[in-house]
Amino acid sequence: MVETVQGREVTIVFEGARCVHSRNCVLSHPEVFVPNVQGAWIYPDAAPAAEVVRIGQNCPSGAIRVLWNTGAAGSDAPPVVNTLRLRENGPLSLEAPILLGGVALDGPRATLCRCGASANKPFCDGSHAAAGFTATGEPAGKDSQPLATRDGVVTVTPLANGPLKLAGNLEIVSGTGRTLNRVSQAFLCRCGHSANKPYCDGSHKAAGFVAE
């Protein structure tokens, strides 16, 4: 499920199991990611290298990573500010150096399931669309103070049959970029039933939610 294609200046790594089909890649640069073809479809040299790196930076799921052949980080460079964005009727998009279950993820991006229906938990696999999941990307904000440090590792711990526990410096952001909260720890709904999304309110117990 992982394709690696090396160009003159950058190498593209595509992990299909992480892809949520946001289509940023094929819409912004269809000459680099050629849609609906058989065989080769990734062409790192079809656009300026810096533009190709930006494609990786704009991939919310981390399915696309773009690395400089010099050894520089490319799209894997950690963000200055860690963010968790709420996708309208969709997943949680995390951008930060991520430690999941004690293992560091390749790249600083992941989309995390919050509908409860993904077959690839804790990652989103697009099941929210078929499940008819609804959750606003623009909930009311909370009063919070600016974080003393805005970057660093964020640890993601899926609690058995319960929420996602996130620990680390993190700004929770609406789909339009509005800061909703600033936290160093949060328990986020991943069963789809909380009345206080994106936060857990214990509804997973009544819903009989089951997930490792």
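The values are calculated or read from the model by the stated rules, or taken from the named source; none is laboratory data. All figures in this text were calculated on a predicted structure; none of them were measured in a lab. Don't worry about glycine lacking a Cβ; one is built from the backbone with ideal geometry, like all the others, and counts go over all protein chains shown. The protein model used for the area step is the full one, side chains on, heavy atoms only, and it has no ligands, DNA or RNA in it. Shrake-Rupley method; radii C 1.70, N 1.55, O 1.52, S 1.80 Å.
Which of the residues belonging to region 128-159 are over 20 Å from Val183 (Cα atoms), open to solvent by less than 70 Å² (accessible area, probe 1.4 Å) and aliphatic (A, V, I, L, M)?
Within region 128-159, Ala131, Ala135 meet the criteria.
All but one of (1) open to solvent by 30 Å² or more (accessible area, probe 1.4 Å); (2) free of Cβ contacts under 8 Å to residues at least 40 places away in the same chain; (3) closer than 18 Å to Asp143 by Cα hold for Arg178; which doesn't?
Only one criterion in (1) open to solvent by 30 Å² or more (accessible area, probe 1.4 Å); (2) free of Cβ contacts under 8 Å to residues at least 40 places away in the same chain; (3) closer than 18 Å to Asp143 by Cα is unmet by Arg178, namely (2).
Of all residues in region 181-203, how many are part of a strand (DSSP E or B) and open to solvent by 40 Å² or more (accessible area, probe 1.4 Å)?
Number of matching residues: 4.
Out of the residues in region 4-22 that are in contact with a strand residue (DSSP E or B) (Cβ under 9 Å, 6 or more places away or on another chain) and loosely packed, with under 13 Cβ neighbours inside 10 Å, state the one that is farthest from Ala46 (Cα to Cα).
Ala17
So if I check each of Pro79, Pro108, Pro91, which one is surrounded by fewer than 21 Cβ atoms within 10 Å (Cβ to Cβ), in contact with a strand residue (DSSP E or B) (Cβ under 7 Å, 6 or more places away or on another chain) and in contact (Cβ under 8 Å) with a residue 12 or more places away in the chain?
Unique residue meeting the criteria: Pro79.
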